[in-house]
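Everything below concerns the one structure shown next.
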C-alpha cells in the first residue's frame, strides 16, 4: 500500500483483513462482517489500530481518502465488534454504510499491531491528527460518531 492509497499514514505497516463487505442489506452486512471477524488476523492480533476502508476515495474538505474510520482496541478486532455487529448494521449506520458500498465500493479493513512503548490509544490519536492535517477534517465515520 502506498501513502496515497487508502492508508495515508503508516500505510506500509497495515495488514488488510481477508474479505470485504459488499452487502445490499443490513442482514447481509451482519453476515459478511461476522465472517470477516472470524478470520485469523481479526481474532489473533491484539493491541491494534485499525482502519475501515472504501474501495474508492471519498472526497474530503481537502483531497480525498479511502479511510472511513480510524479506531483502536487493546484486544482484537473480533472482540471489539462481535457484540455490536447488529448495531453497526442498523438504522442510520446501515444508511451510511449502504451508501458507501453503493457509491464507493466494498468496505475492507486494515490493522496494525502496536508495540510498546506506543499504545493503541496514542497510535489512534496520531493517525487522527495526521488525517486531520491532510484533509482538514476527521474521517467520515469518526466525525459521525463524535
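Key figures
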quantity	calculated
Residue that is farthest from residue 100 (Cα to Cα) [pool: residues in the range 45-81 that are exposed (fewer than 15 other Cβ atoms within 10 Å of the Cβ) and touching a helix residue (DSSP H, G or I) at 6+ places or on another chain (Cβ under 7 Å)]	74
The range 12-39, residues that are in a helix (DSSP H, G or I) and within 16 Å of the chain's Cα centre (by Cα)	12, 13, 29, 30, 32, 33, 34, 35, 36, 37
Number of positions in the range 73-87 that are within 15 Å of the chain's Cα centre (by Cα) and in a loop (DSSP other than H, G, I, E, B)	2
Residue list for the range 100-118, filter: farther than 22 Å from residue 28 by Cβ and either surrounded by fewer than 15 Cβ atoms within 10 Å (Cβ to Cβ) or without any contact (Cβ under 8 Å) to a residue 12 or more places away in the chain (or both)	115, 116, 117, 118
Any chance residue 42 is more than 14 Å from residue 106 (Cβ to Cβ), part of a helix (DSSP H, G or I) and either in contact with a helix residue (DSSP H, G or I) (Cβ under 8 Å, 6 or more places away or on another chain) or at pLDDT 95 or above (or both)	yes
Test: residue in the range 47-69 that is in a helix (DSSP H, G or I) and touching a strand residue (DSSP E or B) at 6+ places or on another chain (Cβ under 7 Å)	no
Hey, residue 58 more than 20 Å from residue 137 (Cα to Cα), under 14 Å from the mean Cα position of the chain (by Cα) and at pLDDT 95 or above or not	no
Options 115, 100, 141: the member that is within 12 Å of the chain's Cα centre (by Cα) and either within 21 Å of residue 15 (Cβ to Cβ) or assigned to a helix (DSSP H, G or I) (or both)	141
Candidates 13, 5 - the one that is modelled with pLDDT under 95, surrounded by fewer than 18 Cβ atoms within 10 Å (Cβ to Cβ) and touching a helix residue (DSSP H, G or I) at 6+ places or on another chain (Cβ under 8 Å)	5
Condition met for residue 92 (modelled with pLDDT of 95 or more and assigned to a helix (DSSP H, G or I))	no
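The values are calculated or read from the model by the stated rules, or taken from the named source; none is laboratory data. Given the structure is predicted, the values throughout are model-derived calculations rather than measurements. Here the Cβ is made from the backbone with ideal geometry for all residues, glycine too, and neighbour counts use every protein chain on show.
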